[in-house]
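Below is one structure; the comments refer to it alone.
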Amino acid sequence: MSVDKNQIRAGLHDLGVMSGDLLLVHSSLRSFGYVEGGADTVIDALLETVGDSGTVLVPTLTFTVLKSWPHLFSVGKAPSSSGRITETLRQRKEAVRSGHPVSSAAAIGSQAAYLTAAHRDTPCGPDSPYFRLYELGGKVVFFGASLGSNSVFHCAEEIVRPAYLGFATIKGAIVEDRDGRRRTVTARRYDCFDRGITRHLGNMEPVFLERGLLQRAMIGESRTYVIDAQANVDVSCEVLTENPDYILSALH
């Protein structure tokens, strides 16, 4: 199946995405089938849909930084490990990228600088792009990505602080900005995986569906979801408060 920019824009419109929206996008380019123009077409469709007053944010994770010492994260050069669309967006000259050494995010649009300005401690804490998007009333788009990639769920974890949540400290990481200036930082990352704890974020899908929060459509071959970020986080907080272990066992 072949998909073009107009089809992606039409699909987003049908899912309630409109001019002025702030979007966090989790994506799989392959999920669409063949996209005329590749990742750039998807990005252009997103940016044209939200317009000049809107913003598109993507995760640009770089856990490979932890495999070297000293841990060096170059804002302008470190490739994203979150997929082709995210890597293509972060390379655009108008993109702004946050400075967290392993959990950065990149954005284009009116709120890009604000979203990414203060991302220095935990991946999804109060100063992170994800938490700021939640506070600003953004939306989360999943292009062929499961809710297992639902980053703003971690904002709920940061609020509720369930017993399983823990952090590892990244000491002495060097962050190099786009102009080549370097600073040494201390940041934190989640350590659940290190302790053998698997979080099944996809367990939230039936909860969101039951409450009518997930908008769903096919764009090409891509199963696409859109959910309001505030509802996403607020309902996740409710679930974590009532049953902190809800995501620790996979649903069957």
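Annotations for the structure displayed:
- Qualifying positions in segment 134-155 - over 22 Å from Arg84 (Cβ atoms), surrounded by fewer than 24 Cβ atoms within 10 Å (Cβ to Cβ) and small (Gly, Ala, Ser): Gly137
- Which listed residue is closer than 21 Å to Phe143 by Cα, over 21 Å from the mean Cα position of the chain (by Cα) and not aliphatic (A, V, I, L, M), from Glu242, Glu221: Glu221
- Residue among Leu57, Leu133, Leu115, Leu61 that is hydrophobic (A, V, I, L, M, F, W, C) and touching a Ser or Thr at 6+ places or on another chain (Cβ under 6 Å): Leu61
- Within segment 127-190, strands (runs of 3 or more DSSP E) holding 1 or more residues that are touching a Phe, Trp or Tyr at 6+ places or on another chain (Cβ under 9 Å) and among the acidic types (Asp, Glu): 167-176
- The set of residues in segment 61-94 that are assigned to a loop (DSSP other than H, G, I, E, B) and within 20 Å of Ser28 (Cβ to Cβ) comprises Leu61, Thr62, Pro79, Ser80, Ser81, Ser82, Gly83, Gln91, Arg92.
- Residues in segment 152-175 that are within 25 Å of Thr55 (Cα to Cα) and touching a Leu at 6+ places or on another chain (Cβ under 7 Å): Val152, Phe153, Ala156, Glu157.
- Single residue of segment 1-46 satisfying the filter (more than 20 Å from Arg216 (Cα to Cα) and part of a helix (DSSP H, G or I)) that is most open to solvent (accessible area, probe 1.4 Å): Asp40
- Every residue from segment 169-199 that is open to solvent by less than 60 Å² (accessible area, probe 1.4 Å), under 30 Å from Val226 (Cβ atoms) and not charged (D, E, K, R): Tyr190, Cys192, Ile197
- Cβ-Cβ contacts under 8 Å between residues 6 or more apart (or on different chains), taken from a first residue in segment 34-53 that is closer than 15 Å to Ser110 by Cα to a second residue that is assigned to a helix (DSSP H, G or I) and modelled with pLDDT of 95 or more, are listed as Leu46/Ile8; Leu46/Leu12; Glu48/Lys5; Glu48/Arg9; Thr49/Arg9; Thr49/Leu12; Thr49/His13.
- In segment 78-102, residue nearest to Tyr190 (Cα to Cα) [restricted to those that are open to solvent by less than 10 Å² (accessible area, probe 1.4 Å) and polar (S, T, N, Q)]: Ser98
Results for (1) farther than 30 Å from Phe167 by Cα; (2) modelled with pLDDT of 95 or more; (3) touching a Ser or Thr at 6+ places or on another chain (Cβ under 6 Å), shown as yes or no for each residue.
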{"position": "Leu201", "(1), (2), (3)": "no, yes, no"}
{"position": "Val207", "(1), (2), (3)": "no, yes, no"}
{"position": "Glu210", "(1), (2), (3)": "yes, yes, no"}
{"position": "Ser222", "(1), (2), (3)": "yes, yes, yes"}
{"position": "Ser236", "(1), (2), (3)": "no, yes, no"}
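- Qualifying positions in segment 104-124 - assigned to a loop (DSSP other than H, G, I, E, B), without any contact (Cβ under 8 Å) to a residue 60 or more places away in the chain and among the polar types (S, T, N, Q): Ser104, Ser110
Listed here are the residues, each with its yes/no results for (1) over 23 Å from Pro70 (Cα atoms); (2) open to solvent by 10 Å² or more (accessible area, probe 1.4 Å); (3) of a type in the set (Val, Ile, Thr).
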site	(1), (2), (3)
Ser104	no, no, no
Ala112	yes, no, no
His119	no, no, no
Phe131	yes, yes, no
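The values are calculated or read from the model by the stated rules, or taken from the named source; none is laboratory data. Because the structure is predicted, anything quoted here is derived from the model rather than measured. A quick note on method: Cβ atoms are made from the backbone with ideal geometry, for glycine too, and the neighbour counts reach across all protein chains shown. In case anyone asks, the SASA skips ligands and DNA or RNA and just uses the protein heavy atoms, side chains included. Shrake-Rupley method; radii C 1.70, N 1.55, O 1.52, S 1.80 Å.
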